[in-house]
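Right, one structure below, let's go through it.
The values are calculated or read from the model by the stated rules, or taken from the named source; none is laboratory data. In this text, all values refer to a predicted model and were calculated from it rather than measured experimentally. Because the Cβ atoms are built from the backbone with ideal geometry, glycine has one as well, and the counts that use them run over all protein chains shown.
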Amino acid sequence: MAASRMVQARVPGDIQDAASQVIRASGLTVSDVVRVLMTRIAQDKEIPAALFQPNAETLAAFAEVERGGLERFASVDALFADLHADD
């Protein structure tokens, strides 16, 4: 096995605390989880799709689109005019 390297990441404190609590409860360390994730990415040559599952806000936006609840525009110019109406 190749020599280990250190990986550092900036994470908001509240997210780090919450995630660390879950990780510890699983009997793992943050290093274990990072190592597993990096190994998986290296083996599969892609980021696991499960990391990109939509959150509740995105799912609600998708549902609104399906209900037809969004405004339609006749042209790109009309869309941009609406987007910049409050400028």
From the residues in the stretch 20-65 that are among the charged types (D, E, K, R) and either farther than 24 Å from Ala2 by Cα or surrounded by 10 or more Cβ atoms within 10 Å (Cβ to Cβ) (or both), which one is nearest to the chain's Cα centre (by Cα)? Glu57
Could you check the stretch 9-71 for helices (runs of 4 or more DSSP H) lying wholly inside it with 1 or more residues that are of a type in the set (Ser, Thr, Tyr) and modelled with pLDDT under 95? 56-67
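Would you point out the residue of the stretch 72-87, among those that are in a helix (DSSP H, G or I) and acidic (Asp, Glu), that is farthest from Ala9 (Cα to Cα)?
Asp77
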Among (1) surrounded by fewer than 11 Cβ atoms within 10 Å (Cβ to Cβ); (2) over 17 Å from the mean Cα position of the chain (by Cα), Asp82 falls short only on (1)
Anything in the stretch 28-75 that is closer than 20 Å to Gln16 by Cα and of a type in the set (Val, Ile, Thr)? List them, or say none. Thr29, Val30, Val33, Val34, Val36
